[in-house]
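Structure first, then comments.
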């Protein structure tokens with residue numbers, strides 16, 4: 001009897017910061033694959049709130065109790081990272097029509113570049129459908145409460161940054 005090949009899925013993004021919406025999609029991706037890789041994109045065109053090392057550290061902490069989830073970094077094409085890591089599936093969260101338009105174009109381009117890699121879209125938990133990293137960053141920068149939108153390790157990181165880097169900002 002031959003062994004079943006390990007199915008690997010890739011959940012990729014900048015995760016700046018990781019939100020509860022991301023956690024929902026990544027956690028649910030474990031039902032679709034034997035191993036899930038969280039690929040943190042290195043994008044020199046962006047000015048991130050969190051450093052790459054901090055993003056990787058908090059994501060690893062959030063999923064520390066999930067032995068089937070790995071956190072890695074990549075730059076360049078998503079499909080190149082997927083191939084390098086043996087992922088046959090890319091999992092993307094889609095919150096609404098705006099996401100759908102962008103994500104479907106991206107999926108079609110990825111299919112053009114790598115027809116052997118499938119993209120799967122997951123709708124978020126409705127309670128978290130409004131959460132985006134962009135909105136969390138904006139609320140945070142203007143002193144808004146974001147603890148209920150991010151996992152505890154991210155909330156701790158943001159609170160520490162507010163104390164040390166942004167002392168003039170209102171406390172969360």
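Points to keep in mind about this one:
- Folded to 0 to 90 degrees: helix 152-164 orientation relative to the chain principal axis, Cα: 40
- Each of 109, 50 was scored by other Cβ atoms within 10 Å of its Cβ. Listed from fewest to most, they are 109, 50.
- Difference of contour (0.36 nm per residue) and Cα-Cα distance, residue 127 to residue 60: 21.7 nm
- Across the chain, the mean sequence separation of Cα contacts (distance under 8 Å, 6 or more residues apart), normalised by length, yields a relative contact order of 27 percent.
- Between residue 83 and residue 148, the FRET efficiency from the beta-carbon distance, with R0 = 41 Å, is close to 0.65.
- Relative to the dominant Cα principal axis of the chain, helix 20-29 is inclined by about 20°.
- Taking 37, 117, 26 in turn, the Gaussian network model of the chain (Cα-Cα springs below 10 Å) assigns the largest fluctuation to 117.
- Efficiency of FRET from Cβ geometry, residue 111 and residue 4, R₀ 35 Å, rounded to 0.05: 0.90
- Separation in nanometres of the label points that stand 7 Å from Cα toward Cβ, at residue 165 and residue 53: 1.3
- Calculated over the range 8-164, the projected area of the Cα convex hull averaged across directions stands at 9.1 nm².
- Residue-averaged [θ]222 nm for the chain, counting only DSSP H segments that reach four residues, each worth -39500 (n - 2.57): -12000 deg cm²/dmol
- When 16, 65 are arranged by Cβ crowding within 10 Å, least crowded first, meaning fewest neighbours, the order is 65, 16.
- Percent of Cα pairs exceeding the 18 Å cut-off, where the set is the range 88-156: 51
- Semi-axis lengths (Å, descending) of the ellipsoid that matches the C-alpha gyration tensor of the range 1-98: 22, 15, 14
- Candidates 61, 118, 84, ranked by Gaussian network fluctuation over the chain, Cα under 10 Å, top entry: 84
- The range 1-53 - Rg over Rh from alpha carbon coordinates, Kirkwood radius: 1.12
- Considering only 144, 21, 39, the mean-square fluctuation computed in a Gaussian network model of the chain, springs between alpha carbons under 10 angstrom, is largest for 144.
- Taking Cα atoms only, the orientation of helix 97-113 departs from the longest principal axis of the chain by about 40 degrees.
Here, each number is a calculation from the coordinates, and none is a lab measurement. Every value quoted in this text rests on a predicted model; they were computed, and no experiment measured them. Because the Cβ atoms are built from the backbone with ideal geometry, glycine has one as well, and the counts that use them run over all protein chains shown.
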